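Take a look at the structure set out below.
The values are calculated or read from the model by the stated rules, or taken from the named source; none is laboratory data. As the structure is a computational prediction, the values presented were derived from the model and not from experiment. Cβ: placed from backbone, ideal geometry, glycine included. Neighbour counts: every protein chain shown. Please note that ligands, DNA and RNA were not included when accessible areas were found on the heavy atoms of the full protein model with its side chains. Shrake-Rupley method; radii C 1.70, N 1.55, O 1.52, S 1.80 Å.
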Amino acid sequence: MAVAEKSAAAASADKGAKDAEAVSAGRRPTVIADGLHIVYRVNGGARGRGSATAALNRIVRRKASAGMREVHAVKGVSFTAYRGEAIGLIGSNGSGKSTLLRAVAGLLPAERGRVYTDGQPSLLGVNAALMNDLTGERNVILGGLAMGMSKDQIQERYQGIVDFSGVNEKGDFISLPMRTYSSGMAARLRFSIAAAKDHDVLMIDEALATGDKKFQKRSEARIRELREEAGTVFLVSHNNKSIRDTCDRVLWLESGELRMDGPTEDVMKAYEEFTRK
C-alpha cells in the first residue's frame, strides 16, 4: 500500500472512531457526507449552448455528450455534523462551498458517495427567489407556508419577521412589491423569513454579508438561538469575523476537497496563513 493510501485509510479510521465516540456520548448526527463527489457537466460545444431539456437529460443520465466539459466541483468530501453545532464553510471562490450545501439540501445529485440527513435541510441563499411582483407581506406569508409553518404561526411571527428584517425602517416597504426593494433589503427579508422557523438543518449561503453591522449582529444572535434550540446551522461566508463569532467548527474546502475540519480558531488560523502566501 502506498504512503498516501495508508494516510487516507488512517484518517478514515480516525474519523470513524471519533464519530462512534460522539454517538456514544449522546450526540445526534444530523448530516453525514460519505465520500461525496459532485460533477457538473457544461456544454462546451461550438455553439456554446443547449436546451434545458437536453441539459437535464445529461444530468439525470450522468453521461457527457460530445462537446461536454466536466467540472468536478466536490471531490470525496466526508464529514458528520451533529445537532447543536454551528459549522462554518470557508475556502477560496470556486472551492465548492455552495455546491456542497446544495447537495446536502438534495438539490444536486451525487456522482459518487452519499449524503444522509436527519430532518429536512433548508437552504437559504442570497440569490433565493422571492416573487418580485408580490408585496413583501405576501412573500412573508408564502415563504412561511413553503417552510411548513401554519397560517396561525405565520400570523403570530409576522411582525417579528418584519421588525427583524428592518425593511420598514425607512418607510412602509413591506406593503410594496419586492421589485422596489434593494438587493440588501430583499436579502434581509429572506433571512428573516427563514430564521423565523426552528430548523432541523439550516444552511445559510453568504446571508450575513448583506446589510449593515446592526443587521449582521441580529443575524449572528439568531443563529446562536437556532443552534441552542437543538438545530444544526451551516454558514458559508467570506467574513472571517462572522465565522469566528457564530461557529464552533469550520470545514475548509479548496478545489473541491476538504482540506481541514476542526475547531473554528484552529481552522481559521490555518486558512488565513494559506491566503497570505
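Structure summary
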item	result
Charged-residue dipole, Cβ positions (Lys, Arg, Asp, Glu), segment 212-277 about Cα centre, Debye nearest 20	360
Förster radius 30 Å - calculated FRET efficiency between ARG224 and ASN168, Cβ distance, rounded to 0.05	0.75
Among 249-261, 265-277, the order from most to least packed when residues are scored by Cβ within 10 Å on average	249-261, 265-277
Cβ-derived FRET efficiency at R0 25 Å, ASN93 paired with ASP248, nearest 0.05	0.50
Heavy-atom surface of segment 69-160, accessible at 1.4 Å and reported per residue (Å²)	51
Segment 93-164, accessible surface, carbon-and-sulfur percent (1.4 angstrom probe)	47
Segment 216-277, accessible area per residue, ligands and nucleic acids excluded (1.4 Å, Å²)	49
Mean separation of Cα contacts under 8 Å (6+ apart) over length of segment 163-215, as relative contact order %	41
Theoretical FRET efficiency, 1/(1+(r/R0)^6), r = Cβ-Cβ of ARG69 and ASP133, R0 41 Å, to 0.05	0.65
Net lengthening on full extension, LEU176/THR275 (0.36 nm per residue, minus Cα-Cα)	31.3 nm
Carbon + sulfur, % of accessible area of segment 208-263 - ligands and nucleic acids excluded, 1.4 Å	48
